[in-house]
Amino acid sequence: MVRRRYLVFWVITTLVALIAYPNERNKARYYFMQGSLEAANKNMESAYEYFKKAYELDPDYKDASFTYGNQRLFVRTDTLQSEAELLRSLKMMQDYVDENPKDVYATQLYGYLTTALDTLEESIRVYERTYELMPAETQLLGVLADSYMRNGHGRKAIETLNRYEGIEGKSNEVSLKKITIMMNERDTVGAIEEIETLVATNPRDPYSRILKGNLYEAIGRMDSVLQAYKEAERLAPDNGAVKMSLANYYRETGDSVMLDNMIYEALLSEEFELQDKLGILGDYLQKLLDESGDKARGDHLFSVLLEQYPHEPDVLDMSARYSAAKGDFEGAMETIGYAIDMDPTNERYWMMLMSYDLTDRKYSEAVKNYERAEEHLQPSPQLKNLYAMAASMIDDYSEGERILQGLLRDEGLENQSEQSINLKEIRDKLDYDELVWVSSLYCMLGDLYYKKGEPAKAFGEYENSLYFLDDNALTLNNYAYFLSEEGKHLEKAKMMSKRALELVENNPTYLDTYAWILYKLGNYQEALDTMNKALEIAEQQGDENEEYEKHYKEILNAVEH
């Protein structure tokens, strides 16, 4: 109790002194203390101002200099982020570090920042000095080795890591650092010696065997890769990391049966959480569909996860996306419907459901699902966008226009026919994602007006779309196609269609547009060649479109006659 009373008395006396003798040094300490309190309460902007005042009042106050310099590095203004100012901030920190070389925390923070700012020799200087003074702080050897390695002193880095191992013992992490350095220096023999020593030191550790297999894969000794992974599997038959290492090996060697077996076992592993398993299966399914399209293999493995987690919304979510990727939109809609029943406030599920409706041309269902979603949540602009698309497809133009104009109003834009706006002033304030968004809204309005039978208004909206994003491939394609349908400005249409194909190669719809414009210009043979390419790619992608066949027949007829 006595000590506590003396402590309270000391704090009060100190505060009174600060108030009674408001010289610059005491003021600086007061501001520093206030900044520390603000920082503790996570009021970082206020803390920054206090630290700045403390430093400006007393630049020799090293605690304030260090803290203000550190905070100054992270103030995102062009002025403070110039190279000269960044180095000035670092210099403020250096004074404290040099005066307090035994402050390990400050040394590591300062060393980290010097490394980030590419002043690697400085990080080496302070790490070496502090370790000499504080040899018990072995973690300094690790960061010192990193600085050596970054500065091109590979041998010094390895020597430093050897010193660390001499104190703390061998570990996978340190050996991996050493092997990485050796491989960068093309010292394959040294890398192999290091991994063999690690394995001998940790004979029951499966992870050192995985590391061994990874090294042998990097140097192309595939027979040794499998042997290392098999040794790891014998040591830990249920280890998920071992299963994935073997799975990657079988994928690389083209053994699809063993690959599936390993993925199957990984999905059953208790070492992996649900999210891990979703990542494993998602990666597998994506590669499977991209490379072979073997749906039966994917269906079998997905059933493993569904049996383990039959009522998990995240599993249902992936199941729906997998069904859609296979072209089974009925299955996708049914599955995501179950997820919605479990979590009707999850807007992403509603967006997926409406996207499947639209892709499967169930436009009325998409409208109904939007109305259902409104009962559970406040629709985002993206969900409204899908609704506008669906409304337009069922010829409810007024509703589609209402939604799209409302979304444009939210961006400060109005219908051009109703109000003259300074588009440049608005455009210059938007970032890239916002430009893409506004351009897409104008493109949708253009599509709506053309479908409605108002081509002049449609072309005006396409111009707006391209004003906000001149490389909007969809706008370029649609504008070009509808110009050709109207028989107007065909050279301009050709130029826009060609640009769309440069932006998105091998798109059968865009190729069809270009072929049709060439046909309208009388370039029949080039049109036929382009149309043949469009049909070939459409067949590969499973893109069935009656319009392609219609255009092909008209172009072919023109060539033959």
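The modelled label-to-label distance for the pair residue 274/residue 544, using points 7 Å beyond Cα in the direction of Cβ, is 3.7 nm. Stretching residue 384 away from residue 204 to a fully extended chain increases their span by 59.0 nm, per 0.36 nm per residue minus the current alpha-carbon distance.
Ordered by packing density, taken as the mean number of other Cβ atoms within 10 Å over each peptide's residues, highest first, how do 324-335, 370-381 rank?
324-335, 370-381
Cβ neighbours within 10 Å, averaged per peptide: list 130-137, 474-481 in order, most packed at the top.
474-481, 130-137
Per-residue ellipticity at 222 nm from helix content only, as computed over the chain with -39500 (n - 2.57) for each DSSP H run of at least four residues, stands at -25000 deg cm²/dmol.
Over all directions, what mean area does the Cα convex hull of segment 133-243 project, stated in square nanometres?
That works out to 7.4 nm², a quarter of the Cα hull's surface.
Once neighbouring chains are kept in place and the probe is 1.4 Å, which whole percent of the accessible area of segment 227-360 is contributed by carbon and sulfur?
Values: 2990 of 6240 Å².
Carbon with sulfur: 48 percent of the solvent-accessible area.
Relative to the longest principal axis of the Cα atoms of the chain, helix 508-520 runs at roughly 40 degrees. Listed by chain and number, the aspartates and glutamates placed with their C-alpha closer than 14 angstrom to that of residue 452 are 395, 396, 399, 401, 461; residues fewer than eight positions away on the same chain are left out.
If I compute solvent accessible area with a 1.4 Å probe over the protein chains, what percent of it on segment 365-417 is carbon and sulfur? So the carbon and sulfur contribution to the accessible surface is 42 percent.
Once the Cα-Cα distance is subtracted from the 0.36 nm per residue extended length, the residue 422 to residue 255 segment shows a gain of 54.0 nm. Kirkwood hydrodynamic radius of segment 135-184, from the reciprocal of the average inverse Cα-Cα distance over all distinct pairs: 10.6 Å. Here are several values of Rg/Rh (Cα atoms, Kirkwood Rh): [x] 1.13; [y] 1.44; [z] 1.08. Which one was derived from the coordinates shown? Entry [z].
Rolling a 1.4 Å probe across the protein heavy atoms gives segment 504-561 an accessible surface of 58 Å² per residue. The separation of segment 501-561 from segment 225-274, counted between C-alpha centres, amounts to 47 Å. Taking packing as the residue-averaged number of other Cβ atoms within 10 angstrom, the listed peptides 207-214, 161-168 run from highest to lowest as 207-214, 161-168.
Here the accessible area of segment 140-199 is 49 percent carbon and sulfur, with a 1.4 angstrom probe and all protein chains present. Here's the picture: a label point sits 7 Å out from the Cα of residue 489 along the beta-carbon direction, and within segment 444-466 the residues with their amide nitrogen under 17 Å of it are 444-451, 454-466. Modelled this way, with points 7 Å down the Cα-to-C-beta line, the labels at residue 98 and residue 411 are 5.4 nm from one another.
Report the convex hull volume per residue for segment 101-198, counting only C-alpha atoms, in Å³. Display every interim value, and only then the final one.
On the way: hull volume 8.2 nm³, N = 98.
Normalising the Cα hull of segment 101-198 by residue number yields 83 Å³.
Hey, can you find the accessible area per residue of segment 292-361 for me, probe 1.4 Å, expressed in square angstrom? Please report the intermediate quantities before stating the final value.
Values: 3220 Å² over 70 residues.
I get 46 Å² per residue for this part.
Partners of residue 520 within straight-line reach, counting lysines whose Cα lies under 19 Å from its Cα and excluding those fewer than 8 residues away in the same chain: 488, 492, 494, 498, 533, 550, 553. Within straight-line reach of residue 295, meaning a Cα separation under 24 Å, sit the following lysines at least 8 residues removed in sequence or on another chain: 243, 277, 287, 326.
The values are calculated or read from the model by the stated rules, or taken from the named source; none is laboratory data. All of these numbers come straight from a predicted model, not from anything done at the bench. Ideal geometry is used to build each Cβ from the backbone, glycine not excepted, and the neighbour counts take in all protein chains shown. Note: accessible area is taken over every heavy atom of the protein model, side chains too, but ligands, DNA and RNA are not part of it. Shrake-Rupley method; radii C 1.70, N 1.55, O 1.52, S 1.80 Å.
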